[in-house]
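Here the structure is laid out as structure tokens; the discussion comes afterwards.
The values are calculated or read from the model by the stated rules, or taken from the named source; none is laboratory data. This is a predicted model, so every value here is computed, not measured. FYI the Cβ positions are ideal-geometry reconstructions off the backbone, even for glycines, and counts take in every protein chain you see.
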Amino acid sequence: MKYFEYMGKSLFKEYGIPVPDGAVAETPDEAAEITKKLGSAVIKSQVLTGGRGKAGGVKFADSPEEAGKAAEELLGQEIKGYKVERVLVEEKLNIEKELYLAITIDSTKKSPVLIASTKGGMDIEEVPEEYIVKKNIDVLTGMEPFVIREIVSELGFDFKAETSKQFMKIVSKLYQAFRALDAELMEINPLVIADGQVIAADAKVTIDDCARYRQKDLPYVEEKTVIEKKAAELGLAYVELEGDIAVMANGAGMSMATLDILQYYGGKPANFLDAGGGAGSETMARAIELLLEKKPRVIFINIFGGITRCDDVANAITQVLGQQKIEIPVVIRLVGTNEEEGRRILEAQSLSAYNLMHEAAQKAVELARK
């Protein structure tokens with residue numbers, strides 16, 4: 001379960017991790033009022049996805065009027081499928097240096113792992129390995145002082161510096177919070193040095209869903225995007241991804257295999273959509289309409305007909321094509337129950353279907369690249 005930045009920072013404060021002064025606003029007037037107390041401010045969209053800065057979801061203001069205008073622009077907009085319903089208004093920091101600090105789970109070693117870098121403010125995947133420090137933590141002994149000193153040394157910090165002492169305290173407190181709250185991830189990017197103080201300028205917190213029975217005091221957060229909510233109302237399993245090939249398949253295994261084979265051939269799936277084993281033509285048609293909302297370059301429909309009949313799928317496809325003008329390619333793989341009838345329905349609309357999944361996947365990737 002992911003938390004919004006403002007919720008993560010609230011948890012950080014409880015464990016003694018410094019965060020910027022600020023508050024949450026749901027209207028432009030509230031944002032302006034908060035900025036009166038701060039002087040200048042940064043206005044941050046609160047969405048459960050990364051890359052909001054690049055998407056225009058972060059703005060700066062030097063007056064309450066500018067803050068109100070910035071909030072008005074941000075509230076209600078969508079960032080990667082998530083609607084902005086509130087903004088975090090915080091003091092603008094005089095940043096001297098940006099660091100990266102996170103604790104997550106190392107599934108291979110079955111232990112927490114601390115990740116730190118002097119290259120904060122970047123996606124950690126883009127940071128060269130030589131600038132990253134990783135330390136696995138023994139859950140029986142916890143975050144021992146000598147481990148923290150090793151981290152500081154490997155980062156090249158001066159032990160005597162006041163900022164190094166602050167950094168070490170934050171590492172210790174972050175691990176305390178991680179363990180106490182049953183977290184899967186606690187990330188601070190960036191952890192900044194501003195006016196001699198080390199401050200968590202951002203917060204990404206994910207709590208283990210399986211531990212919610214132990215964390216009854218923690219709030220529940222609905223993580224679905226706008227399209228994911230629509231899919232849930234239709235009874236469809238849908239997860240939004242960041243690629244450009246929209247996918248519909250039947251069955252969780254078939255859907256996962258479809259994503260895998262697209263990536264194998266160099267494609268980028270835009271979503272996971274399991275239309276289920278018994279979806280009728282009307283549900284199928286609605287599912288295809290959802291795929292179009294992602295504005296993909298290609299739609300790839302991969303059906304192995306069992307309970308889901310191929311003629312129902314073909315009828316759904318032709319129904320949507322008859323209602324809307326679809327200007328992107330639709331690649332279809334259709335085999336199984338009533339396959340012959342399904343192909344006949346498609347051919348009547350000048351459509352064809354592949355027999356083999358890998359051939360269809362290759363074609364979808366090829367068309368997406370064009």
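Touching a strand residue (DSSP E or B) at 6+ places or on another chain (Cβ under 6 Å) and in a helix (DSSP H, G or I): is that true of residue 71 in this structure? Considered against the rule, which asks whether it is touching a strand residue (DSSP E or B) at 6+ places or on another chain (Cβ under 6 Å) and in a helix (DSSP H, G or I), residue 71 comes out as yes. Taking the range 31-56 as the range and being at pLDDT 95 or above and of a type in the set (Gly, Ala, Ser) as the test, the residues that pass are 31, 32, 41, 45.
This table checks each residue for (1) within 29 Å of residue 170 (Cα to Cα); (2) exposed (fewer than 15 other Cβ atoms within 10 Å of the Cβ); (3) of a type in the set (D, E, K, R).
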{"residue": "30", "(1), (2), (3)": "no, no, yes"}
{"residue": "37", "(1), (2), (3)": "yes, yes, yes"}
{"residue": "40", "(1), (2), (3)": "yes, yes, no"}
{"residue": "63", "(1), (2), (3)": "no, yes, no"}
{"residue": "77", "(1), (2), (3)": "no, yes, no"}
{"residue": "80", "(1), (2), (3)": "no, no, yes"}
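Condition check for residue 252 on (1) of a type outside the set (Lys, Arg); (2) buried (at least 17 other Cβ atoms within 10 Å of the Cβ); (3) under 30 Å from residue 364 (Cα atoms): one failure, at (2).
Highlighted here are the helices (runs of 4 or more DSSP H) found entirely within the range 259-370 that include at least 1 residues which are within 28 Å of the chain's Cα centre (by Cα): 281-293, 357-369.
Against the list (1) in contact with a helix residue (DSSP H, G or I) (Cβ under 7 Å, 6 or more places away or on another chain); (2) without any contact (Cβ under 8 Å) to a residue 40 or more places away in the chain, the condition residue 202 fails is (2).
If we only count helices (runs of 4 or more DSSP H) wholly inside the range 125-240, which ones have 2 or more residues that are farther than 30 Å from residue 259 by Cα?
Numbers: elements: 145-155, 162-180, 226-233.
Counting at least 2 such residues, we get 145-155, 162-180.
For the range 155-164, name all the residues that are exposed (fewer than 14 other Cβ atoms within 10 Å of the Cβ) and either in contact with a helix residue (DSSP H, G or I) (Cβ under 8 Å, 6 or more places away or on another chain) or closer than 16 Å to residue 99 by Cα (or both). If you could, list the steps in order and put the result at the bottom.
Quick first cut of the range 155-164, residues exposed (fewer than 14 other Cβ atoms within 10 Å of the Cβ) only: 156, 158-162.
The answer is 156, 158, 159, 161, 162.
For residue 138, the requirement of being among the charged types (D, E, K, R) and surrounded by 13 or more Cβ atoms within 10 Å (Cβ to Cβ) is not met.
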